[in-house]
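The values are calculated or read from the model by the stated rules, or taken from the named source; none is laboratory data. Computed from a prediction, not measured in an experiment: that's the story for all the values here. Methodologically, a virtual Cβ is constructed for each residue, glycine included, from the backbone with ideal geometry; neighbour enumeration extends over all protein chains shown. Remember, those area values only see protein heavy atoms, side chains included, never the ligands or the DNA or RNA. Shrake-Rupley method; radii C 1.70, N 1.55, O 1.52, S 1.80 Å.
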Amino acid sequence: MRAPIPHIIRFRELVNQPAKGDKPATRGILPIGHAALYRGMQRGEFPRPVQMGGLKVWLGSDIEALLARLQEQSDALNGRIGGDQ
């Protein structure tokens, strides 16, 4: 079970961030780095951000749908039905 997804997600909350200077590394909602996110967006596999004021953000509903699709693909590859086995 994962934590609830917020309605609006900023970049630093979405992907893993390496430690930089005195800031510790952080884990994002998606277990990938920024380069993998942009490659996935170019291929059309990941949702693109929306502009909100001066920020680019992702909609929580788009990320929930992505996670559900990735879970289904994983289950199919591993021969499981449903995500709670």
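Here are the numbers:
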quantity: Residues being exposed (fewer than 14 other Cβ atoms within 10 Å of the Cβ) and either touching a Ser or Thr at 6+ places or on another chain (Cβ under 8 Å) or not charged (D, E, K, R) (or both) - total across the stretch 9-20; calculated: 3
quantity: Residue ID - modelled with the lowest pLDDT, chosen from residues in the stretch 61-85 that are under 17 Å from Pro47 (Cα atoms) and aliphatic (A, V, I, L, M); calculated: Leu70
quantity: Neighbours by Cβ (under 8 Å, 6+ apart or cross-chain): first from the stretch 24-44, farther than 16 Å from Leu67 by Cα; second surrounded by 10 or more Cβ atoms within 10 Å (Cβ to Cβ) and among the aromatic types (Phe, Trp, Tyr); calculated: His34/Phe11
quantity: Test: residue in the stretch 74-81 that is in a helix (DSSP H, G or I) and basic (Lys, Arg); calculated: no
quantity: Residues of the stretch 33-58 satisfying the condition of being at pLDDT below 95 and among the hydrophobic types (A, V, I, L, M, F, W, C); calculated: Met52, Leu55
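Per-residue answers, yes or no, for (1) hydroxyl-bearing (Ser, Thr, Tyr); (2) open to solvent by less than 40 Å² (accessible area, probe 1.4 Å); (3) more than 24 Å from Pro18 (Cα to Cα):
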residue: Leu30; (1), (2), (3): no, yes, no
residue: His34; (1), (2), (3): no, no, no
residue: Tyr38; (1), (2), (3): yes, no, no
residue: Phe46; (1), (2), (3): no, yes, no
residue: Leu55; (1), (2), (3): no, no, no
residue: Leu59; (1), (2), (3): no, no, no
residue: Ile63; (1), (2), (3): no, yes, no
residue: Leu67; (1), (2), (3): no, yes, no
residue: Glu72; (1), (2), (3): no, no, yes
